[in-house]
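The values are calculated or read from the model by the stated rules, or taken from the named source; none is laboratory data. Nothing here was measured: the structure is a model prediction, and the numbers come from that model. Neighbour counts are summed over all protein chains in view; Cβ atoms, including those assigned to glycine, are modelled from backbone coordinates with ideal geometry.
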Amino acid sequence: MKPVNEMSVSLLSCSSNEAFARAAVSAFIAQLDPTVDELCDIKTAVSEAVTNCIVHAYRDTIGVIYITCRLYEDGGIVVKIRDKGCGIEDIEQAMQPLFTTQEGERAGLGFAVMQSFMDKLRVTSKPGKGTTVTMKKTMERRPKQNG
Amino acid sequence: MKPVNEMSVSLLSCSSNEAFARAAVSAFIAQLDPTVDELCDIKTAVSEAVTNCIVHAYRDTIGVIYITCRLYEDGGIVVKIRDKGCGIEDIEQAMQPLFTTQEGERAGLGFAVMQSFMDKLRVTSKPGKGTTVTMKKTMERRPKQNG
Amino acid sequence: IGEIRRYLRDNNSIRVSRSLRDTAYKAMQVKEKMMAKNSREPTVEEIAKELDMPREEVVVALESVVEPVSLYEPVFS
Ligand SMILES: Nc1ncnc2c1ncn2[C@@H]1O[C@H](COP(=O)(O)OP(=O)(O)O)[C@@H](O)[C@H]1O
Ligand SMILES: Nc1ncnc2c1ncn2[C@@H]1O[C@H](COP(=O)(O)OP(=O)(O)O)[C@@H](O)[C@H]1O
Ligand SMILES: [Mg+2]
Ligand SMILES: [Mg+2]
């Protein structure tokens, strides 16, 4: 299926850009006219993925985070968040709730949150090369409002 | 001078994306906490530049618009808006207030607005290749807030 | 152009951070009001119409009041 609209953003992995990443994705998704709650779910998931790039992928450095967002006719949204950071050795283990490599600092719930707030989550990674998180969610369709 | 932060966005030249472009740039610049007026000026200039890509550069087609935004330590902001559209034959003429190639439809004030709302405006173009508009504005400096 | 400029801006020298917070606050009020009235969640467009603002602006304003929880305060559950 071809997307009806798409955009991409790249930003630096400084923590001040986390809010910008969320704002950019929400401003784009606003086209589908979601409710505030639907928007919140997506923003929370985006937040977790972007935070992972900042605190894990580019832990001791500043790198570039690439976000792509595609909108589909059926109300589907695909958000892809990619980094060229350290990568993940064991993806299955990383995705376990409560698993974290920053014990004491982080809760290990990022992937669990993404999974529960989105319909689909796919993670691919190459140690030393980077990680791509692809998330999908379909907005509830509602009758088009006039105007 | 090296920017303290930068981002880039690419988007399709559909008119529904104009509001997104403005929102993305303002969400990024909001980090500097400018005044409402300062931000309004920038949004208006971005709006004109993006509209030109939509209605002129990619007149009968849908193409990609590339926006880069850089923030500098001294409160300077550089926004670059690039297209790979039809290009401009005579830039000097195009920048004259009231000059338009879409007589009756458009007012020919886009470049004049960008010029007056921003501190600097530079336009480069290659017919058949595309156009780049670079705009600069320095936010009034203010005492650093805590937090 | 000076004319247009004066027309477009209403000499608003307040900070964007405050203006965003105000918008977000108003948006949340409208949302509550509409929820009470229609017993369903309004869409972003319905809120934007009520505030006479583009959806994108409402959404970005809502962003400004969320704390990036994950980044600064790891939650221990
Ligand atoms: N983009 C990434 N790059 C490298 N490692 C990552 C990335 N995202 C997640 N990880 C790894 O997966 C683990 C689990 O992530 P997550 O569920 O978000 O929990 P937390 O971030 O709290 O550790 C992290 O501790 C980290 O080791
Ligand atoms: N990105 C662009 N690509 C091609 N032509 C452009 C572009 N931007 C501006 N132009 C040309 O410059 C002219 C003047 O632009 P502008 O001052 O914005 O006035 P208007 O858009 O109202 O015509 C346009 O009519 C068009 O011919
Ligand atoms: Mg995490
Ligand atoms: Mg124009």
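Observations
- Candidates B:Val64, B:Val78, filtered to the one that is within 29 Å of C:Arg18 (Cβ to Cβ) and in contact with a strand residue (DSSP E or B) (Cβ under 8 Å, 6 or more places away or on another chain): B:Val78
- Scanning segment B:47-58 for residues that are aliphatic (A, V, I, L, M) and touching a residue at least 60 places away in the same chain (Cβ under 8 Å) gives B:Ala49, B:Ala57.
- Qualifying residue in segment B:83-91 (condition: of a type in the set (Asp, Glu), buried (at least 17 other Cβ atoms within 10 Å of the Cβ) and away from ligand 1 (no atom under 16 Å from the Cβ)): yes
- Scanning segment A:1-43 for residues that are among the hydrophobic types (A, V, I, L, M, F, W, C), in a helix (DSSP H, G or I) and at the interface with chain B (Cβ under 7 Å from one of its Cβ atoms) yields A:Phe20, A:Ala23, A:Ala24, A:Ala27, A:Phe28.
- So B:Arg70, is it in contact with a Pro (Cβ under 6 Å, 6 or more places away or on another chain), closer than 18 Å to B:Ala21 by Cβ and either surrounded by 12 or more Cβ atoms within 10 Å (Cβ to Cβ) or of a type in the set (Ser, Thr, Tyr) (or both): yes
- Scanning segment B:1-21 for residues that are within 16 Å of ligand 2 (Cβ to nearest atom) and of a type in the set (D, E, K, R) yields a single hit, B:Glu18.
- Wholly within segment A:59-147, strands (runs of 3 or more DSSP E) carrying at least 3 residues that are within 16 Å of ligand 2 (Cβ to nearest atom) and either away from chain C (no Cβ under 14 Å) or at pLDDT 95 or above (or both): none
- Subset of segment A:14-56 [of a type in the set (Gly, Ala, Ser), farther than 26 Å from C:Ile47 by Cα and buried (at least 22 other Cβ atoms within 10 Å of the Cβ)]: A:Ala49
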